Amino acid sequence: MPKEKKQKRNESLQKAKLLLVGAGPGDPELLTLKAYKAIREADIILFDNLVNKEIFSCVFADYDSEDIPEMHYVGKKCAEKHISQEEIHEIILKNLKLNKSVLRLKGGDPFIFARGVEEMFLATENDFEVEVIPGLSSGIAVPAYNGIPLTLREKSDSVMLVTGHFINEEKLSLWAEFLRNSGTLVIYMGLNKINIIKDHLLGLNISPKLPAIAIQDGSLKSQRIYIGKLEDIAKELKEQEFQSPSIILLGEHIGF
């Protein structure tokens, strides 16, 4: 039982609320204090695939099992059957209407390549209160965790966060122009498309020697890092059997 046991709120006085909370890149110690407090006080928690389950062991270490909030795994994983976003919306609304505080826990930050905005609109359109608690997004936190700067004074002053999930020639042309101007490109969900990305960028006259880094399971004990060049990255990641989640960094100055 916790030293300061969670006090059950008076059901007639409590107000339903949706909390959109970022769990950070993986290491439980990178969870923010505000997120830690919110998780401990929630009535129900819906968590994603990228949330490190060790977070719960840390947050509820001093709780008796009956005091731990109701937990629901609602993660999505490529090529696996998963709960739909519509079903997640139904769970959120059902519990808000029961006057519960619903905490939606997402890996990274709830507004960076996540569906936090959709869930926020769902709640506000149904007249429920929403609180957003930011988290450290992997594209920013993981490079720093490994001593890799995304910007360098007087050399690289811009960073672009992109997803490799949906790409086309227009987007790739924009990325190439950005790289030519000394920007640093951070690609989420790009592992399965890295060969296409590499070929298009080389075809747009990006140097084959451009520094390229891939980080799998960033900040976790299972973390793996590839450091090389654009021309080699697709072949190397395939041979080394890199898996998702991985982020990919491209830029003239990341290999400083």
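The table that follows gives values for the structure above.
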| item | result |
| --- | --- |
| Dipole magnitude of region 17-136 about its Cα centre (Cβ charges: Lys, Arg +1; Asp, Glu -1), debye to nearest 20 | 240 debye |
| Highest average packing first - 82-89, 195-202, 21-28, Cβ atoms within 10 Å | 21-28, 195-202, 82-89 |
| Cβ charges +1 (Lys, Arg) and -1 (Asp, Glu), total dipole of the chain, debye | 240 debye |
| Burial ranking of peptide ranges 148-158, 206-216 (average Cβ count within 10 Å, highest at the top) | 206-216, 148-158 |
| Reachable lysines from residue 15, criterion Cα separation under 16 angstrom, eight or more residues apart if same chain | 94, 97, 100 |
| Packing-based ranking, highest mean first, of 236-249, 168-181 given that Cβ atoms within 10 Å are counted | 236-249, 168-181 |
| Only Lys, Arg (+1) and Asp, Glu (-1) charged, at Cβ; region 139-250 dipole about Cα centre in debye | 180 debye |
| Centre separation in Å (Cα based) which lies between region 90-143 and region 32-65 | 15 Å |
| Helix 169-180 vs. the chain, principal-axis angle (Cα, 0 to 90°, nearest 10) | 70 degrees |
| Relative contact order, percent, the chain [alpha-carbon distance under 8 Å, six or more residues apart] | 20 percent |
| Cα-based Lys proximity count in region 139-250, under 23 Å, for pairs eight or more positions apart or on separate chains | 20 |
| Cα-based helix-to-principal-axis angle, 194-203 vs the chain, degrees rounded to 10 | 40 degrees |
| Positive-end residue, the chain charge dipole about Cα centroid, Cβ charges, pick of 58, 98, 110 | 58 |
| Helix axis angle, 116-125 relative to the chain longest principal axis, alpha carbon, degrees | 40 degrees |
| Cβ-based exposure ranking for 221, 94, 193, in which fewest neighbours within 10 Å come first | 221, 94, 193 |
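Quick note: the coordinates plus some simple rules give every number you see, no bench work behind them. Only a predicted model underlies this, so the values are computations on that prediction, with no experimental measurement involved. Cβ sites come from the backbone with ideal geometry, for glycine too, and all protein chains shown count toward neighbours.
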